[in-house]
Amino acid sequence: LERKGLAYAEAADKIESGDRVTEAADPQQRVQELRAKANACWREALDWYRQTIAKQADNSDAHGGLTRVHTLLGERREALAAADRALEIVSADYAFWEQRVRAPDVRIEEEKRMRSLLGRLQKILIATHMTAYQLCVELDQKPKALGHLDAALALDPERADAYSRRAQLRLEAADYAGATKDIDAFLARSSLAFEHPDMKKAWQIRREAETGLKRQQASKP
């Protein structure tokens, strides 16, 4: 249902933009119909995710589903609450298996299986932190957004986009030294072409951070 809703929403976007031709007499009405179908699918998907959680409260997949679908519906507070709960569950699982894999009695085959599981859980944690970061920004919860980026980078210190996003938040908070350090980390890791909009934005952030840092230093007694 979640994916079916995405298909309806994508079709509506393409018709509205002119990328897809429709046989409907009123294309705009068709767009509205498709979006209504998408929302109906997502509402039903929410119900199934909630029924799953009612039977298994710590089902991280269901909480992740709630996060995604509430986001698709524009329900940011509900999405963030679901993301926070998913992070609690997956973090506990990750901590348990991380401790278990270090046990002296673990056999080689068991260790391989557990490390594979840890890798999957790590990817889920990073993706959820990045989703939560974006929701926090949209809800004007910048300090919490920064915390989610810190957590994502602690799990994957090579994730370039997380550095650029943290640089932006630090720039807005007048942490010019931190913003400069982060944007340099992004530039060192990014494989984007120099002409890419994200690279142009990165160099703009760096210039603004440098200017701000000089202004701060000049104002010190």
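The values are calculated or read from the model by the stated rules, or taken from the named source; none is laboratory data. Keep in mind the model is a prediction, meaning the values are calculated, not measured. Glycine also receives a Cβ, built like all others from the backbone with ideal geometry; neighbour counts cover every protein chain displayed. These area figures cover heavy atoms from the full protein model, side chains too; ligands, DNA and RNA do not enter into them. Shrake-Rupley method; radii C 1.70, N 1.55, O 1.52, S 1.80 Å.
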Worksheet item: Given springs between every Cα pair under 10 Å in a Gaussian network model of the chain, which of Thr211, Thr131, Thr71 has the largest fluctuation?
Response: Thr211
Fill in: Fraction in percent of alpha-carbon pairs per bin - 5 Å, the range 16-67
5, 18, 19, 13, 10, 10, 10, 8, 6, 1
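Mind giving me the FRET efficiency for Arg189 and Asp58? R0 is 35 Å, r the Cβ-Cβ distance, nearest 0.05 is fine.
My answer for the efficiency is 0.50.
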Worksheet entry | Loop-located trypsin sites (Lys or Arg not before Pro) in the range 58-131, at most 13 other Cβ atoms within 10 Å (DSSP) | Arg102, Arg107
Response to the item:
The ³J(HN,Hα) series, computed from each phi in the range 70-82 with the Karplus coefficients 6.51, -1.76 and 1.60 at θ = phi - 60°, rounded to the nearest Hz and given as x for glycine or proline, is 4, 5, 4, 7, x, 9, 5, 5, 5, 5, 5, 4, 5
Worksheet item: Between their Cα atoms, which of Lys4/Lys123; Lys55/Lys142; Lys4/Lys200; Lys142/Lys220; Lys14/Lys55 are more than 31 Å away from each other?
Response: Lys55/Lys142; Lys4/Lys200; Lys14/Lys55
Worksheet item: Which loop GluC sites (Glu not before Pro) in the range 153-221, with loop taken from DSSP, have no more than 12 other Cβ atoms within 10 angstrom of their Cβ?
Response: Glu158, Glu195
Worksheet item: What accessible area per residue, rounded to a whole number of Å², is obtained for the chain using a probe radius of 1.4 Å?
Response: 61 Å²
Worksheet item: So how far apart, in nm, are the two label points at Leu118 and Ala7 if each is 7 Å from Cα heading toward Cβ?
Response: 4.0 nm
Discussion item. For q values of 0.09 Å⁻¹, compute log₁₀ I(q)/I(0) with the Debye formula on a Cα-only model of the chain, without solvent.
Written reply: -0.54
Response to the item:
Spelling it out for Arg20: with amide H atoms placed in the peptide plane at 1.01 Å from N, the residues 5 or more places away or on another chain with amide H under 5 Å from its amide H are Ile15
